[in-house]
Every structure is written in C-alpha cells, then in structure tokens.
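Colleague: Dropping the structure in here first, questions after.
Taken together, the values in this text are just the output of simple stated rules run on the coordinates, not laboratory data. Since the model is a prediction, treat every value here as computed from it, not as a measurement. In this analysis, Cβ positions are derived from the backbone assuming ideal geometry, glycine residues included, and neighbour counts consider all displayed protein chains.
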Amino acid sequence: TRDTVYTPQFEDIYQYDWENMEWGEYEIFAIAEDDEGNTTVSDTIMVTVLDIPEVTIDEPKVDAELIEGQTIIYSATVIDNDSELENISFYANEELIASKINPEVNSYTWSNIPPGTFDLTVVARDNTGLVDTSEAVTITIKAKPVFDIISPFTTEDFDNAPEYIEGEVLPFAM
C-alpha cells in the first residue's frame, strides 16, 4: 500500500502514522519526490508487528450459581498467532488465585470457594511480553444450607429415642 505525505511535520521531517496494522512482517521504504519530479528511494527497513494474545473464559459461564463446597473448572481459550503462551493467570475479584507457566492446559481446578460473588478474569502473557485480559465473568457461590434436627429428639436424648415400627410416619422438625 502506498500513501502520500505532502507536508513536513517539522522543517525537513516527514511523518506518517500507520494505524490499525495487522500482525506480520513488513518491508518499509520511502520515496521522496521534489518539485521537479526527481525521486530518491530510502533504504528498506523490516518491521515486525506482533500479535497480541486474545483470551476468553470458557468455564464457568456468566452468572453461574454454585453451592459452597463445589469444585469448579476455571478454563480459558487463548489465541496468539505469532508466538507462544508464556503464562496464564486466573483471578477472582482482581486477586490472583492461580498462575501457570508455559501451560499446556489453560485451566485451573478451583475448590474450597467461600460463599460470595466473584468477578473472574484470566490474564494471558505471550513469550514476547504482550498481555491480554479477558472480559470478566461473574459467578455466585451460595452458602450450603445448614439445619439441625430438633424433633422427634435431640442428640442429648439419642439413647432414649422412641422406637418406631416400619411403615409408621416419623415426624421431623428442623
């Protein structure tokens, strides 16, 4: 692609801002033309545009509701067209919960999660130092229901518990 710059930015300095470059390698040179039509071609330089990794969370799904004590698989997909994934880090409410160096599997098994609401993100870094952070996925961990049996007897009267005949209704109160 050829673009033309007509006016110098500063005295004898011409500048061109190349925006939205795709990743890849490019040979860049300039052709200068004076007002009499004479041209000069600059030396060619090689420019490499690196691809930023793209990371998305696969599991858990947005707005997932889980019960305290459940184990979840926290996984992500990372796409990087020109380099290798160096590490992947898993966050809950901006607090690091796990990190893997040179991961072959982009997942983490998260257990013993306390009740609460968590915004999960994943950060991927490639071997060129470029980083991407996923969109947040919000999940809710609900507390386990807790109850005590108070009738027909309490644990103190367990030894004196009444006997019931098979088929009878045993009333419980909690």
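Colleague: Tell me which aspartates and glutamates have Cα within less than 19 Å of K144's Cα, excluding those fewer than 8 residues away on the same chain?
Modeller: D63, E65, E68
Colleague: Ordered by packing density, taken as the mean number of other Cβ atoms within 10 Å over each peptide's residues, highest first, how do 51-63, 27-39, 80-92 rank? Could the numbers behind the result be given before it?
Modeller: Numbers: 51-63: 15.6, 27-39: 8.7, 80-92: 17.8.
The densest-packed peptide leads the list: 80-92, 51-63, 27-39.
Colleague: When the Karplus curve 6.51 cos²θ - 1.76 cosθ + 1.60 is applied with θ = phi - 60°, which whole-Hz ³J(HN,Hα) does each residue of region 133-147 get, with x for Gly and Pro?
Modeller: Karplus-based 3J(HN,Hα) across region 133-147 equals 10, 5, 5, 6, 10, 9, 10, 10, 10, 8, 5, 5, x, 10, 8 Hz.
Colleague: Treating only the Cβ of Lys, Arg, Asp and Glu as charged (+1, +1, -1, -1), what charge dipole size does region 18-76 show about its Cα centre? Round to the nearest 20 debye.
Modeller: On the way: 1 positive and 16 negative charges, 80 e Å.
Charge dipole of region 18-76: 380 debye, to the nearest 20.
Colleague: Per-residue HN-Hα couplings for region 37-47, Karplus 6.51 cos²θ - 1.76 cosθ + 1.60 at θ = phi - 60°, whole Hz, x for Gly and Pro?
Modeller: Residue by residue, region 37-47 yields x, 6, 10, 9, 10, 6, 5, 8, 10, 9, 10 Hz.
Colleague: Let me ask another. Could you give each residue of region 110-121 its phi-based ³J(HN,Hα) in whole Hz, using Karplus coefficients 6.51, -1.76, 1.60 with θ = phi - 60°, and x for Gly or Pro?
Modeller: 9, 10, 6, 7, x, x, x, 10, 10, 9, 9, 9
Colleague: If you don't mind, another one. Amide H of N93: which non-local residues (sequence gap of 5 or more, or other chain) have their own amide H closer than 5 Å, using H built in the peptide plane?
Modeller: Distant-sequence amide H within range of N93: D119, L120, T121.
Colleague: Please get the size of the charge dipole for region 1-134, origin at its Cα centre, with Cβ charges of +1 on Lys and Arg and -1 on Asp and Glu, quoted in debye to the nearest 20.
Modeller: Numbers: 4 positive and 30 negative charges, 181 e Å.
Magnitude of the dipole: close to 860 debye.
Colleague: Figure the gain on full extension for F29 and T128 (residue separation times 0.36 nm, minus the Cα-Cα span) and round it to one decimal in nm.
Modeller: Numbers: separation 99, 0.36 × 99 = 35.64 nm, distance 2.55 nm.
Extra length from F29 to T128 when fully extended: 33.1 nm.
Colleague: Still on this model: Enter the mean projected area of the convex hull around the alpha-carbon atoms of region 34-124, in nm², rounded to one decimal.
Modeller: Numbers: hull surface 40.5 nm².
Mean projected area for region 34-124: 10.1 nm², to one decimal.
Colleague: Need the C-alpha centroid separation for region 70-117 versus region 19-53, integer Å.
Modeller: So the two Cα centres are separated by 40 Å.
Colleague: For every other residue with a beta carbon closer than 12 angstrom to the beta carbon of T133, add +1 if it is Lys or Arg and -1 if Asp or Glu, then tell me the sum. Don't skip to the answer; put the middle values down first.
Modeller: Numbers: positive: R125; negative: E54, E94, D119, D132, E135.
Residues near T133 contribute -4 overall.
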